[in-house]
Amino acid sequence: MPYFLLRLTPPRPSFPFDATEAEKALFSEHAAYWLAQAGEGRAIAVGPVFEPGNTWGLALVEAEDEASALALGDADPVIVAQAGFAYAAAPVPSLILRQP
């Protein structure tokens, strides 16, 4: 099954350092959602990326196609809440995974 990198763009460059209480609560739902996706084997890795002056989120997922990968992002509570977040998908044509 193909892999995709979902890149989550936050509502502003200073996020999450200035997150409101409502955003913090929403992000708890976001974390629970991705923990469930990882538990069900759809998400391989999920987390924040802190680049200088630019913070974004990543979800490395396994999905049938790009539409299916984006559907995972569309179901994320931060997207459902229309809180200013957005996902973009990029295919990952090959991936070396750590062996247990």
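The values are calculated or read from the model by the stated rules, or taken from the named source; none is laboratory data. Just so it is clear, the structure is predicted and the values come from calculations on it, not from any experiment. We place every Cβ from the backbone using ideal geometry, glycine too, and count neighbours over all the protein chains shown. What goes into the accessible areas is simple: the full protein's heavy atoms, side chains included, and nothing from ligands, DNA or RNA. Shrake-Rupley method; radii C 1.70, N 1.55, O 1.52, S 1.80 Å.
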Matching residues in region 55-93 - criterion: being open to solvent by 60 Å² or more (accessible area, probe 1.4 Å) and either under 11 Å from Pro11 (Cα atoms) or touching a strand residue (DSSP E or B) at 6+ places or on another chain (Cβ under 7 Å) (or both): Glu66, Gln82, Pro91
Residues that are among the polar types (S, T, N, Q) and without any contact (Cβ under 8 Å) to a residue 12 or more places away in the chain, drawn from region 44-76: Ser68
Hits in region 4-28 (condition: aromatic (Phe, Trp, Tyr) and either part of a loop (DSSP other than H, G, I, E, B) or free of Cβ contacts under 8 Å to residues at least 60 places away in the same chain (or both)): Phe15, Phe17, Phe27
Test for Gly41: is it closer than 22 Å to Pro11 by Cα, of a type outside the set (S, T, N, Q) and either in a loop (DSSP other than H, G, I, E, B) or within 11 Å of the chain's Cα centre (by Cα) (or both): no
Given (1) at pLDDT 95 or above; (2) out of contact with any Phe, Trp or Tyr (no Cβ under 9 Å at 6 or more places or on another chain); (3) in a helix (DSSP H, G or I), number of the condition Glu64 does not satisfy: (3)
